[in-house]
Amino acid sequence: EAHNSSGLPPFILTGLPGMETSQHWLFLLLGVLYSVSIVGNALILFIIKEEESLHQPMYYFLSLLSGNDLGVSFSTLPTVLGVFCFHLREISFNSCMSQMFFIHLFSFMESGILLAMSFDRYVAICNPLRYSTVLTDARVMWMGVCVFLRSFCMIFPLPFLLKRLPFCKANVLSHAYCLHPDLIRLPCGDTSINNIFGLSIVISTFGLDSALIFLSYVLILRSVLAIASREERMKTLNTCVSHLCAVLIFYVPKVGVSMFARYGRHAPHYVHTLLSLIYLFVPPMLNPVIYSIKTKEIRRRFCKILLGNKF
């Protein structure tokens, strides 16, 4: 029996197939990951707000990244906890569409924020004298707004493109949350428009952003190699380490997930699930850790908070 948007069929979420007995251990692990990412990113936002010396473009972008990572965590949290803790596997059509919208919105925004941060590093290293005139507060805010609007406009059509299709198979999803590549396998109508649209937005965001980030680092490296002393070169490159780590932990799992979806069809199903968990859980958890290790002011304030101001 075919359901279309008037029938709005529910979807069945999946935990880790074949590992149901150890799901409570996984729930504990996910609980720790959520706690680290939510507390870590909230603390980064709090420290940047409170610490006067951090009121500069680089840290405004970092606070955008932390806010976005909180969004990623909160958009997967309800269904992941539902599946692994309370065994609630059914999700309504509209809830699934909303969750898919937010997961992909924050994912696309993360890519845009990382691009904005690479522009910040490029100006700081290749054009230091013009840094304060190029990256004014108003311009940083405008860049943040543009990142949000671009992601919103890209993702907005997805739920509507899915809603027009008939669903007639068993609507079982591969994960504990709703992702577009997963949902697009379920309709029994023609999904070619959805596939073309999906591919074009991925190329025009992740593809374009990663190419521009790569270009900015080529220019940064060229500029750094022109510096005479070795110490100065290392000191300058050191200001990019946190951002480079953030770029790698975002793009490497992303590439891994898409390559695996295409070429790893014969691998056990839980490998797909684990890869997608890494892609959604690792960046929000590691970003605050990386930045607090690499940034003296944030590290000092973290110690103060953790040691109850005895520091």
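The values are calculated or read from the model by the stated rules, or taken from the named source; none is laboratory data. Quantities reported herein were computed from a predicted structural model and do not represent experimental measurements. So basically every Cβ, Gly included, is an ideal-geometry build from the backbone, and we count neighbours across all protein chains shown. SASA here: full protein model, heavy atoms, side chains in, ligands and nucleic acids out. Shrake-Rupley method; radii C 1.70, N 1.55, O 1.52, S 1.80 Å.
For the reader, a short list of remarks on this structure follows.
- Over the C-alpha trace of the range 246-303, radius of gyration and Dmax come out as 15.2, 48 angstrom.
- Projecting the Cα positions of Ile155, Gly189, Leu179 onto the charge dipole of the range 113-218 (unit charges on Cβ atoms of Lys, Arg, Asp and Glu, taken about the Cα centre) puts Gly189 furthest along the positive direction.
- Rounded to the nearest 10 degrees, the angle from helix 296-306 to the longest Cα principal axis of the chain is 60 degrees.
- Accessible area per residue for the chain is 51 Å², calculated with a 1.4 Å probe on protein heavy atoms, without ligands, DNA or RNA.
- Degrees separating the helix 269-294 axis from the principal Cα axis of the chain, which is the longest one: 20
- With helices as the sole contributors, the chain gives -24000 deg cm²/dmol at 222 nm; each DSSP H run of n ≥ 4 counts as -39500 (n - 2.57), and the sum is divided by every residue.
- Here the accessible area is traced with a 1.4 Å probe on the protein chains. For the chain, carbon and sulfur cover 69 percent of it.
- Distribution of pairwise C-alpha distances over the chain, 20 Å bins, in %: 30, 54, 16, 0
- Compared with the direct C-alpha span, the chain from Ile227 to Arg185 gains 9.9 nm at full extension, assuming 0.36 nm per residue.
- Put a plus charge on the Cβ of each Lys and Arg, a minus charge on the Cβ of each Asp and Glu, and nothing anywhere else: the dipole of the range 193-307 about its Cα centre is then about 360 debye.
- Pairs with C-alpha atoms separated by more than 23 Å, drawn from the list Lys49/Lys304; Lys49/Lys235; Lys235/Lys296; Lys163/Lys254; Lys49/Lys294, are Lys49/Lys235; Lys163/Lys254.
- Rounded tilt (10° steps) of 192-202 against the dominant C-alpha axis of the chain: 20
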